[in-house]
Amino acid sequence: MNANFTLVDHPLIQHKLTILRRKDTATAQFRQVLREVAFVLGCEVTKELTLGNITIETPLEKTEAPYLEGKKICFVSILRAGNGLLEGLLDLVPSARVGHIGMYRDHETLQPIQYYFKTPEHLDSRLVVIVDPMLATGNTAIEAANLLKSNGANNLKFLCLVAAPEGIDAFSKAHSDIPIIAAGLDRELNDIGYIMPGLGDAGDRMYGTKA
Ligand code: URA
């Protein structure tokens, strides 16, 4: 397996991913379960945050206790499907800053077309987590990371639900410094760039927009 890639194989995540994959999972359940998965994936993606000690008083005595210090977090959601993961991440880290990148895949070329970019300031002093459920060709993820780096980000991670081997290879060739964290590693892309077996179009599954 690619050294940049971490598969979160916790049984609860794997169980919930199966629910997300099933085609008869309804929109409301899909959104809820995605949010739950994101919460647990968020624990993995933030596990290297540094802790200091502070002095607090419990009802019984003063004690030293761990408290987060140092790098702050910014989640950057790739619209629109990234927003499904974002909700669970914000349940876990409500004080995180949030950026949005609007991109869609041209269905013929599979190349990303950018239409929106808004992030908080000082990306250079934050852990910046790019959030997009499906790492398929990797083109969108690569472009998002390029944009964020050119806006100062220097400590990035990429968080997705399901990754294809093609996407992992392309992304880690372009950005060998960015770890990829996923709940599922699938077989391949089909000839229209969908992950197999996958879960279909994550945005459509989340918002019930399939034609
Ligand atoms: N985007 C999706 O939503 N699903 C895929 O399988 C690939 C890209």
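Computed from the coordinates by the stated procedures, all read-outs in this text should not be read as laboratory data. Every value quoted in this text rests on a predicted model; they were computed, and no experiment measured them. Neighbour counts are summed over all protein chains in view; Cβ atoms, including those assigned to glycine, are modelled from backbone coordinates with ideal geometry.
Numbers at a glance
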item: Contacts under 7 angstrom Cβ, first residue in region 26-50 being under 26 Å from residue 67 (Cβ atoms), partner among the small types (Gly, Ala, Ser) and in a helix (DSSP H, G or I), 6 or more apart; result: 38/88; 39/88; 42/88
item: Inter-residue pairs, beta-carbon under 6 Å, first within 15 Å of the ligand (Cβ to nearest atom) and in region 83-106, second of a type in the set (S, T, N, Q) and not in a strand (DSSP E or B), 6+ apart; result: 103/140
item: Pick from region 175-189, criterion surrounded by 13 or more Cβ atoms within 10 Å (Cβ to Cβ) and part of a loop (DSSP other than H, G, I, E, B), ranking: nearest to the ligand (Cβ to nearest atom); result: 186
item: Which numbered condition residue 18 fails, given (1) surrounded by 17 or more Cβ atoms within 10 Å (Cβ to Cβ); (2) outside any strand (DSSP E or B); (3) out of contact with any Pro (no Cβ under 7 Å at 6 or more places or on another chain); result: (1)
item: Per-region count, region 190-200, residues touching a residue at least 60 places away in the same chain (Cβ under 8 Å) and surrounded by 15 or more Cβ atoms within 10 Å (Cβ to Cβ); result: 5
item: Answer residue from region 190-209, given it is in contact with a helix residue (DSSP H, G or I) (Cβ under 8 Å, 6 or more places away or on another chain) and away from the ligand (no atom under 11 Å from the Cβ) and is farthest from residue 37 (Cα to Cα) among those; result: 209
item: Residue list for region 91-147, restricted to those being among the charged types (D, E, K, R) and within 13 Å of the chain's Cα centre (by Cα); result: 132
